[in-house]
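Notes follow once the structure below has been shown.
The values are calculated or read from the model by the stated rules, or taken from the named source; none is laboratory data. Keep in mind the model is a prediction, meaning the values are calculated, not measured. Backbone-built Cβ (ideal geometry, glycine too); neighbour counts: all protein chains shown. Please note that ligands, DNA and RNA were not included when accessible areas were found on the heavy atoms of the full protein model with its side chains. Shrake-Rupley method; radii C 1.70, N 1.55, O 1.52, S 1.80 Å.
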Amino acid sequence: MSAIDPGMEALLETFIYESNTMLEQLDEILLESERAQNINQENIDSIFRIMHTVKGSSAMMGFSAISGLGHAVEDVFFILREDANKLGPVFSSLFDLVFQSSDFLKREIERVSDPNYEEGDPSDMVRQLHGLAAVMKGEAPPPAAPAAAGAEAPAAGPSYEGFRRIRIHFEDECQMENMRAFMILNQLANCCDEIDSVPPHPESDATLCADIIRNGFLIICKPTDNLDDVIKIIESSLNIKSYELLSEDDDGSPPAAEATDAQAPAPAGEGAAALPAAGAVQAAAKAPAAAAAAGGSGARQNLISVNQIKLDALMDLVGEIVTAESMVASNPDLRGLKLDNFTKSTRELRKLTDELQDVVMSIRMVPLTGTFQKMNRIVRDMTKSLGKKVDLVTYGGDTEVDKTINDTIGDPFMHMIRNSIDHAIEPPEVRMSLGKPETGQVTINARNAGGEILIDVSDDGSGLDVDRILAKARNNGMLTKPESEYTDKEIFNLIMLPGFSTNTEVTEYSGRGVGMDVVKKNLEKVGGAVSISSEKNKGTTFTIKIPLTLAIVDGMNISVGDTTFTLPITSIKQSFKITDPKQVLHDTDGAEMILLRGDCYPVVRLHEHFMISTEKTDVMDGIMIQVESGNSIACLFADELLGEYQVVVKPFPSFFNKYNLKELGLSGCSILGDGSICLILDANSLVSNL
Amino acid sequence: MDETNVNAVQDDLTGRYLTFDIDDTTYSLPLNHVIEIIGIQHITHIPNVPHYIKGIINLRGKIVPISDVRLKFGLEERDYDDKTCIVIVLINDMNVGVIVDRVAEVVSLERSNMAPPPLSDKRLGDSFLDSISTLNEKVVMNIDVVKFFQADMAELLAPEE
């Protein structure tokens with residue numbers, strides 16, 4: 001199918017979100033189990049449950065590729081659930097296969113929202129999984145297990161002894177009748193020895209809905225204890241208009257029960273909980289489906305998932321309120337008036353808007369754990385294919401950053417970890433001969449530092465080879481000054497230039513010379529920076545500095561001519577007036593420098609840099625602002641300081657994309673309290689362009 | 001359903017043009033591209049952009065780039081007065097303001113009365129004109145909005161980096 005049923009569109013988001021969460025959980029369990037070289041019952045159950053839910057909900061959405069593969073994986077784990085000992089001989093091939101499947105599922109799920117979505121073809125994996133299942137079952141596969149029914153359809157014979165037939169009618173227009181039928185079937189599997197239905201496998205085909213609506217859904221089952229359990233489950237299910245027991249050939253033929261189970265009063269979650277001995281499978285399978293069907297999440301849940309677009313809109317709105325608030329409080333009409341009560345009220349308002357801003361910010365904050373966990377997977381895949389042994393250790397996964405930032409840093413992390421494993425960590429033999437532990441270690445350590453997050457990505461590998469980097473840079477014509485003048489730090493920074501790659505051979509994982517370049521670019525996009533330190537044979541540490549949030553900046557407003565600039569407070573070291581023109585020196589090119597406590601710093605005259613006409617061109621008239629970015633420090637010369645403001649960063653309209661304002665030192669603009677616009681300076685590019 | 005609605009609105013506006021004057025020449029913009037007309041206001045200069053891009057303004061909390069039609073047409077700069085207007089134009093889902101000397105009126109122009117522009121008019125650079133019409137004995141130059149912003153927007157159509 002290429003398009004999604006319009007009625008399902010609303011559920012699609014929920015489906016994608018839930019499936020992704022579960023697949024991540026799946027990866028985690030798999031990694032953990034693989035590391036332990038064993039899988040315990042609990043994990044088998046969880047995997048089974050996850051695949052079951054993914055299968056169910058994707059079938060509900062009509063994605064047959066996903067549900068087909070989910071089904072195959074579920075089959076395998078169903079066998080394991082019965083007897084975990086069957087795992088032994090197929091352990092590693094099974095894990096590889098399940099990892100592959102999980103990747104396939106993730107890829108598909110990523111694509112389903114695409115209007116031109118074409119389903120991928122999982123048949124190869126499905127076949128392999130079936131093959132594995134057959135191996136695990138031994139030569140003579142046991143009779144088809146009820147929950148694993150999809151593969152081998154049991155011949156439905158309505159005339160067995162002890163079988164009961166129940167016909168269920170669903171409420172009109174409750175939708176997804178086939179899935180509802182499937183859910184019931186699943187629940188009943190718990191208290192019946194054998195079970196079948198007409199139509200069989202309702203979950204496999206959405207078109208069966210029409211059939212179920214017309215003829216009802218016939219369940220043929222053999223209750224384990226007695227029929228009451230079965231009836232109870234049916235009664236507790238949602239959206240059932242009526243059910244009847246079809247008496248045919250048996251004893252006391254209970255009178256056809258016609259129960260009108262009006263809207264089950266219990267909320268979705270409770271329905272699942274009310275099941276007798278609610279197996280985890282049923283609960284898990286039921287909850288998402290019911291939640292999706294009801295268009296809301298469980299009643300007792302304290303967490304809700306919100307569309308990020310809404311959060312972005314909220315954030316924008318708060319930004320507007322902050323601006324509007326200062327527009328009112330410092331309105332030019334009020335100038336010179338003594339308004340005690342008004343001032344008091346605006347102060348109160350200010351306090352509230354500050355609080356509102358904090359709360360909205362905190363909503364947008366997500367812990368880094370998720371990003372870190374994805375790295376586990378990369379480490380696993382790489383070590384397997386490269387034949388290296390590497391442990392990934394993470395600290396500070398609970399550190400929170402803005403969602404946008406969190407999304408942006410995933411790629412850079414992946415590149416860095418790939419680089420570390422591919423280039424830095426030596427193969428086990430080499431490590432042994434160097435007296436290092438056989439297993440290498442990559443550590444990610446995140447911590448809060450003021451308004452910023454610092455994240456170290458370090459390895460205990462070979463360290464960066466200064467000579468090789470220099471040689472490489474020389475070959476690529478990247479050196480800009482004599483080699484002898486390069487400090488170690490500067491040499492390390494060379495690896496972040498576009499087109500630099502120290503690995504002579506391009507490997508599957510890294511070595512195309514885009515890695516560190518992309519890392520730097522991506523991080524700069526969110527206002528971050530990378531620095532490198534390395535020691536030969538001890539290892540390398542990349543330290544990433546990223547701002548906590550993007551949207552609102554504490555800035556110092558400065559004026560140059562009639563333009564107002566905002567300089568983020570975090571980059572300002574100090575500001576001072578020049579009292580003696582001799583403080584400013586000129587180098588041989590005529591570039592200005594300033595001598596401060598024995599150190600020399602370059603001077604950037606903002607009016608010249610931005611070609612703005614101003615009267616204050618004498619260094620004695622204006623003000624110097626010393627800014628720091630990364631490792632470099634420079635002094636900016638401006639007309640005057642206007643004071644400290646909180647500004648809401650707005651990107652420049654895309655109209656200006658081609659003019660590279662970012663490189664010029666402007667990161668965006670903002671609307672001030674009086675409605676005028678200020679330009680936000682980016683100390684980073686101002687300083688690094690010198 | 002939405003589509004027909006949009007079409008209906010567009011149908012309503014096609015053939016309607018906003019005319020404005022620069023020096024003694026009358027130009028027009030198709031009305032379905034025009035969002036609103038505002039008086040001239042303080043424009044924040046942006047460095048390192050072509051001289052005809054005057055900068056950005058704050059339009060009710062939105063940052064809107066402003067380009068000066070006079071300068072874009074290679075005419076001399078002229079001091080803004082109380083007749084000077086900014087016409088906010090919608091193109092590619094983006095608002096862009098253009099500064100004109102004076103907004104005249106909204107007129108209906110018949111497609112059949114439009115003559116194609118001369119192939120190349122050096123004074124106008126790469127022709128921005130869609131066609132030329134006459135209205136009450138006066139010549140009206142109909143600007144093709146897409147062509148007008150072609151040079152500025154080309155980048156947006158190309159992929160990033």
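Using a Förster distance of 51 Å, how high is the FRET efficiency between A:T369 and A:K232, based on the Cβ-Cβ distance and rounded to 0.05? Provide the component values of the computation, followed by the final result.
On the way: r = 41 Å, r/R0 = 0.80.
So the FRET efficiency works out to roughly 0.80.
For peptide A:563-571, compute the average count of partner chain beta-carbon atoms within 10 Å of each residue's beta-carbon. Mind dumping the intermediate values first?
Values: counts 5, 1, 0, 0, 0, 0, 0, 0, 0.
The shielding value for this peptide is 1.
Please give the charge dipole size of the stretch A:602-658, origin at the Cα centre, charges +1 on K and R Cβ atoms and -1 on D and E Cβ atoms. Round to the nearest 20 debye. Mind showing how you got there, number by number?
Numbers: 4 positive and 8 negative charges, 82 e Å.
In debye, rounded to 20, the stretch A:602-658 gives about 400.
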Checklist line | Rg in Å to one decimal, and Dmax rounded to a whole Å, for the stretch B:46-121 via C-alpha atoms | finding: 14.9, 44
Next item on the list: Can you pull a Stokes-Einstein diffusion coefficient for the stretch A:557-690 at 10 °C (1.306 mPa s), Rh from Kirkwood over Cα pairs, as a whole number of µm²/s?
Entry: 104 µm²/s
Next item on the list: With 28 Å as the limit, write out which pairs from A:K573/B:K54; A:K472/A:K536; B:K62/B:K138 have Cα-Cα distances beyond it, or answer none.
Entry: A:K573/B:K54; B:K62/B:K138
Notebook entry, point to check: If we sort B:69-79, A:584-594 on the protection proxy, mean other Cβ atoms within 10 Å, highest first, what's the order?
Noted result: B:69-79, A:584-594
Checklist line | Among A:646-659, A:483-496, A:416-429, the order from most to least packed when residues are scored by Cβ within 10 Å on average | finding: A:416-429, A:646-659, A:483-496
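Just tell me how shielded A:328-334 is by partners: mean number of partner chain Cβ atoms within 10 Å of each residue's Cβ, no decimals. Provide the component values of the computation, followed by the final result.
On the way: counts 0, 0, 0, 0, 0, 0, 0.
Whole-number average of other-chain Cβ neighbours for A:328-334 is 0.
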Next item on the list: Ignoring everything but the protein chains, give the 1.4 Å probe accessible area of A:L642 in square angstrom, nearest 10.
Entry: 80 Å²
Next item on the list: Calculate, axis by axis, the spread of Cα positions in the stretch A:579-654 along the three principal axes, and write the results as whole Å, longest axis first.
Entry: 40, 32, 26
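How many square angstrom of accessible surface are buried between A and B, both sides summed, with a 1.4 Å probe and rounding to 100? If you can, show how the numbers build up before the last one.
Details: alone 34500 and 9910 Å², together 42260 Å².
Protein heavy atoms only, the A-B interface buries about 2200 Å².
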Next item on the list: Provide the solvent-accessible area of A:K403, counting protein heavy atoms only and rolling a 1.4 Å probe, rounded to the nearest 10 Å².
Entry: 70 Å²
Notebook entry, point to check: Between their Cα atoms, which of A:K374/A:K403; A:K436/A:K525; A:K310/A:K525; A:K106/A:K384; A:K489/A:K577 are more than 27 Å away from each other?
Noted result: A:K436/A:K525; A:K489/A:K577
Next item on the list: Calculate, axis by axis, the spread of Cα positions in the stretch A:1-130 along the three principal axes, and write the results as whole Å, longest axis first.
Entry: 45, 25, 22
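Mind ranking A:R335, A:R431 by accessible surface for me, highest first, 1.4 Å probe? Before the final figure, lay out each step's value.
Working: A:R335 185, A:R431 0 Å².
Solvent-accessible surface, decreasing: A:R335, A:R431.
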Notebook entry, point to check: How big is D for the stretch A:292-423, in µm² s⁻¹ as a whole number, if Stokes-Einstein is applied with the Kirkwood radius of its Cα pairs at 4 °C and 1.567 mPa s?
Noted result: 68 µm²/s
Next item on the list: Please average, across the residues of B:56-62, the number of beta carbons from any other chain that are within 10 Å of each residue's own beta carbon, and give a whole number.
Entry: 5
Notebook entry, point to check: How do A:D460, A:D599, A:D27, B:D93 stack up against each other in accessible area, from largest to smallest, with a 1.4 angstrom probe?
Noted result: B:D93, A:D599, A:D460, A:D27
Check: Rg and Dmax of the stretch A:38-101, using alpha carbons, in Å: what are they?
Finding: 11.9, 36
Next item on the list: Might you work out the accessible area of B:V139 for me, using a 1.4 Å probe with all protein chains in place, and round it to the nearest 10 Å²?
Entry: 80 Å²
